[in-house]
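Visitor: The structure that follows is given in the form of structure tokens.
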């Protein structure tokens, strides 16, 4: 009899979850586990929580949704809290587990946890199998080896497009999931109450009605069913056709796809998104907007592949530019930036939106990050950590890659990128509507 433990991390779905499907195919009994890492409770070196209230809220949505999907298939989610390796080792022993499966995440802390788990389970003879599944393109399908990955995005994109790389179709969810091991008591009730307690539901701030991503809206609920609902309505309304024209707007739900929160927690896969995009093009026609959505998915892939190529080097203070001066930091200025007290209305409006909602448009993320680094003279790593704490669509690969790029410590030979905040305000908020919305609260959100 094969007794398998599946460790969910950033893949909180059943559809197109190839690692989970492989685990199910192998198992007679299967224990689906998520561990709320106690490191979430620790403050960062910059003096704030590593995971803030908005991120906890959407994580709670995703976990509750995953539990419901598992229960519909005869299983359920085992939700634990503590140091992941300790918790998983205890469950392996309790369930007499003989195999562990987990998604591969190519970031240093995430890989270190899997390495530590392998080391802990080796004396027990329990193998840990990992599988890569977070990118649109599988690394083995690239037209070059990872160590030959181009160091800038455009050559990468062109080579991938010229090679017409084949994208595998998404896998359907399993019809049934193997039962829990008998030695692990199966909870008769859902994890809702446990999840609310562990994810801080009682202290979660209300979702601001002005939010561009109101995650308490059924169409924005960050779970597997909510993800499919959001994707379906976005396509049904023909919004891919206008994506390129609207993507730099700042107000409302529809200026961008808002797929990122679902992709970040893995309640939706990049392959599912691209398959739906292709079906949309076949039924309703392709244009610049539909192409640009795929362009964004390729950017997302590129940051993942940079991690496979460079790994821990991306997390050094000087990143991939060791000959450059180390970043400086001013703690007082950082607090002013974080608390929307810079004195620049465009920046402060964005930071109010961010603190109230856990979300910012891609345009404003670049503008406020540039301002922190180049105008306030602060360490890019502090800004990256603040985004990690607050973003409802936090993605370790994209977050690190974007901050490195703006700070000039990435692969781009042109060095740092400063966005002129006055010009950005003139170009993207010429009538001051965005500033009025978030600084005075008097402007109405467009329908």
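The values are calculated or read from the model by the stated rules, or taken from the named source; none is laboratory data. Only a predicted model underlies this, so the values are computations on that prediction, with no experimental measurement involved. When we count neighbours, we look across all protein chains shown, and the Cβ atoms used for this are built from the backbone with ideal geometry, even at glycine.
Visitor: Taking strands (runs of 3 or more DSSP E) that fall entirely within region 19-124, which contain at least 3 residues that are under 21 Å from residue 194 (Cα atoms) and in contact with a strand residue (DSSP E or B) (Cβ under 7 Å, 6 or more places away or on another chain)?
Guide: Output list reads 29-37, 78-82.
Visitor: Right, next: Consider region 132-157. How many of its residues are part of a helix (DSSP H, G or I) and free of Cβ contacts under 8 Å to residues at least 12 places away in the same chain?
Guide: Just the residues of region 132-157 that are part of a helix (DSSP H, G or I), to begin with: 139-141, 146-148, 153-157.
Next, from what is left, pick out any that are free of Cβ contacts under 8 Å to residues at least 12 places away in the same chain: 140, 148, 154-155.
Summing the residues that are part of a helix (DSSP H, G or I) and free of Cβ contacts under 8 Å to residues at least 12 places away in the same chain in region 132-157 gives 4.
Visitor: For residue 320, work out the one condition from (1) over 24 Å from the mean Cα position of the chain (by Cα); (2) surrounded by 13 or more Cβ atoms within 10 Å (Cβ to Cβ); (3) in a loop (DSSP other than H, G, I, E, B) it doesn't fulfil.
Guide: Only one criterion in (1) over 24 Å from the mean Cα position of the chain (by Cα); (2) surrounded by 13 or more Cβ atoms within 10 Å (Cβ to Cβ); (3) in a loop (DSSP other than H, G, I, E, B) is unmet by residue 320, namely (1).
Visitor: Right, another one. Just checking, which of 335, 353 is more than 21 Å from residue 420 (Cβ to Cβ), at pLDDT 95 or above, within 28 Å of the chain's Cα centre (by Cα) and in a helix (DSSP H, G or I)?
Guide: On the way: 353 fails: more than 21 Å from residue 420 (Cβ to Cβ).
Going through 335, 353 in turn, the sole match is 335.
Visitor: Then there's this: Here are 147, 115: which of them is surrounded by fewer than 16 Cβ atoms within 10 Å (Cβ to Cβ), at pLDDT 95 or above and not assigned by TED's automatic domain parsing to the domain that holds residue 273?
Guide: Values: 147 fails: not assigned by TED's automatic domain parsing to the domain that holds residue 273.
Result: 115 is the single residue among 147, 115 that is surrounded by fewer than 16 Cβ atoms within 10 Å (Cβ to Cβ), at pLDDT 95 or above and not assigned by TED's automatic domain parsing to the domain that holds residue 273.
Visitor: Right, here's the next one. Pick out the one residue from 371, 397 that is over 27 Å from residue 437 (Cα atoms), at pLDDT 95 or above and either under 22 Å from the mean Cα position of the chain (by Cα) or in a helix (DSSP H, G or I) (or both). Explain how you work it out, then say what you get.
Guide: Numbers: 371 fails: over 27 Å from residue 437 (Cα atoms).
Result: 397 is the single residue among 371, 397 that is over 27 Å from residue 437 (Cα atoms), at pLDDT 95 or above and either under 22 Å from the mean Cα position of the chain (by Cα) or in a helix (DSSP H, G or I) (or both).
Visitor: Being under 28 Å from residue 211 (Cβ atoms) and surrounded by fewer than 22 Cβ atoms within 10 Å (Cβ to Cβ) is the requirement here; does residue 351 meet it?
Guide: Numbers: under 28 Å from residue 211 (Cβ atoms): yes; surrounded by fewer than 22 Cβ atoms within 10 Å (Cβ to Cβ): no.
No: the conditions fail for residue 351.
Visitor: A follow-up question, please. Exactly one condition in (1) farther than 29 Å from residue 292 by Cα; (2) in a loop (DSSP other than H, G, I, E, B); (3) modelled with pLDDT under 95 is false for residue 215; which is it?
Guide: Residue 215 satisfies every listed condition except (1).
Visitor: For region 158-180, what are the residues that are under 30 Å from residue 412 (Cα atoms), outside any helix (DSSP H, G or I) and touching a residue at least 40 places away in the same chain (Cβ under 8 Å)? Please lay out each step first, then the result.
Guide: If we filter region 158-180 for residues that are under 30 Å from residue 412 (Cα atoms), which is where we start, we get 158-167.
Still in the running and outside any helix (DSSP H, G or I): 163-167.
Once the filter is applied, which keeps residues that are under 30 Å from residue 412 (Cα atoms), outside any helix (DSSP H, G or I) and touching a residue at least 40 places away in the same chain (Cβ under 8 Å), region 158-180 yields only 167.
Visitor: Moving to a separate point now. Within region 238-250, how many residues turn out to be crowded, with 20+ Cβ neighbours inside 10 Å and under 19 Å from residue 434 (Cα atoms)?
Guide: Total meeting the criteria: 1.
Visitor: Here's something else I'd like to know. Look at region 404-439 and say how many of its residues are more than 25 Å from residue 246 (Cβ to Cβ) and assigned to a helix (DSSP H, G or I).
Guide: 2
Visitor: Let me ask something additional. I need the full set of residues from region 162-192 which are exposed (fewer than 14 other Cβ atoms within 10 Å of the Cβ) and closer than 19 Å to residue 72 by Cβ, in order please.
Guide: 172, 175, 176, 186, 188, 189
To keep it simple, each residue is scored yes or no on (1) surrounded by fewer than 24 Cβ atoms within 10 Å (Cβ to Cβ); (2) in contact with a helix residue (DSSP H, G or I) (Cβ under 9 Å, 6 or more places away or on another chain); (3) under 19 Å from residue 50 (Cβ atoms).
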{"position": "333", "(1), (2), (3)": "yes, yes, no"}
{"position": "339", "(1), (2), (3)": "yes, yes, yes"}
{"position": "345", "(1), (2), (3)": "yes, yes, no"}
{"position": "358", "(1), (2), (3)": "no, yes, yes"}
{"position": "376", "(1), (2), (3)": "yes, yes, no"}
{"position": "384", "(1), (2), (3)": "yes, yes, yes"}
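Visitor: Now, a different point. Does residue 295 satisfy the criteria of being assigned to a helix (DSSP H, G or I) and in contact with a helix residue (DSSP H, G or I) (Cβ under 6 Å, 6 or more places away or on another chain)? Walk me through it before giving the result.
Guide: Values: assigned to a helix (DSSP H, G or I): yes; in contact with a helix residue (DSSP H, G or I) (Cβ under 6 Å, 6 or more places away or on another chain): no.
Spelling it out, it is not the case that residue 295 is assigned to a helix (DSSP H, G or I) and in contact with a helix residue (DSSP H, G or I) (Cβ under 6 Å, 6 or more places away or on another chain).
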